[in-house]
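Written below as structure tokens is the structure these notes are about.
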Amino acid sequence: MKIQRNNKSTSRLVLGTVQFGMSYGIASAGKRVSFEEAFSILNYATISGINTLDTAVSYGDSETRLGRMNIEQWRVVSKLPNLPDNCKDVTQWVTSSVHESLERLRISSMDSLLLHRPQNLLSPQGEELYSAMEHLKRQGLVNKIGISIYDPTELDILLKEFIVDIVQAPFSIVDRRLESSGWLKQFKNEGIEVHARSVFLQGLLLLSPSEQIEKLARWKALWESMGQWIVESKLTPIQACLGFVLAKNDIDMVIVGVDTIEQLEEIVSIAEPLAVDVPSLFSSDDIDLVNPSRWV
């Protein structure tokens, strides 16, 4: 087993933990990661130079399981769920939600608190929601606050009204909207930290072209051309996907989720920026493709 310690690229990796709490991803076998496997993954991540975890209240029992794994030395990013429609005291809801997360995680504070549904900020209770998050930051219960988005168009309104420390957004070989929209460069100029997620598009980009076609046949031409390019470039799908995102210097952190320790070993062994150009023809603005919630 080859282990890389304090690698510059692995330090930019964030271990996604949705699989620790629930079944997730189009390529998943349909089961969440066992506690034993999750513990092994966490230990391997630690000695490989990864020091940040990404979780959320809505990730099943991910927070509870992480709390049983002694994560006091980790930087933890978690997310508030959708604001309940009948919430009468937003400040109390935010405060209670964060304290409950900290209790489940068994830590005294978290590095970052994000909104899983940032559209809540545009509701009549949005100002109170934001103020409550800022208050927790001043108290030292969270170090940074931010939002997790699905589409860069959400930012046009949100960032005109609210100041955030972090934006988490999808970015991959296929989904380059964050860059093409100009937001990625703007974040760098404004000092906003960028966390890229969905770099493997829920595992879809790691499947063979035939498996991709079986899952989403509508984009057959894309899968075939991308698969051919990967082979001709003498890359593996993980090398192509991860290397492409890490090569973007304006992206601060890259979230990777795994089902097995073997998958993480492969990621760590190749966690370097890509030295070849990735054809722009692989990029798509088709919401039906880049938004997994529309894969029906």
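What to note about this one:
- Of the numbered criteria (1) buried (at least 17 other Cβ atoms within 10 Å of the Cβ); (2) of a type in the set (D, E, K, R); (3) in contact with a Lys or Arg (Cβ under 7 Å, 6 or more places away or on another chain), the one D259 fails is (3).
- In region 274-296, the residue that is modelled with the lowest pLDDT out of those that are out of contact with any Asp or Glu (no Cβ under 9 Å at 6 or more places or on another chain) and within 24 Å of V77 (Cα to Cα) is S293.
- Residue satisfying condition, being surrounded by 15 or more Cβ atoms within 10 Å (Cβ to Cβ), more than 24 Å from G257 (Cα to Cα) and modelled with pLDDT of 95 or more, within set W223, W183: W183
- First in region 196-220 and under 29 Å from L53 (Cβ atoms) and in contact (Cβ under 8 Å) with a residue 24 or more places away in the chain, second anywhere and among the small types (G, A, S) and part of a helix (DSSP H, G or I), Cβ under 9 Å, 6 or more apart: L205/A240
- With respect to the conditions (1) open to solvent by 30 Å² or more (accessible area, probe 1.4 Å); (2) assigned to a helix (DSSP H, G or I); (3) modelled with pLDDT under 95, Y150 falls short on a single one, namely (2).
- Looking across region 209-220, the residues that are of a type outside the set (A, V, I, L, M), open to solvent by less than 90 Å² (accessible area, probe 1.4 Å) and more than 14 Å from D286 (Cβ to Cβ) come down to P209, S210, E211, Q212.
- Residue in region 71-93 that is at pLDDT 95 or above, in a helix (DSSP H, G or I) and surrounded by fewer than 17 Cβ atoms within 10 Å (Cβ to Cβ) present: yes
The values are calculated or read from the model by the stated rules, or taken from the named source; none is laboratory data. For clarity, every value in this text was computed on a predicted model and none was experimentally measured. We place every Cβ from the backbone using ideal geometry, glycine too, and count neighbours over all the protein chains shown. Accessible surface is based on the protein model in full, side chains and every heavy atom, while ligands, DNA and RNA are left aside. Shrake-Rupley method; radii C 1.70, N 1.55, O 1.52, S 1.80 Å.
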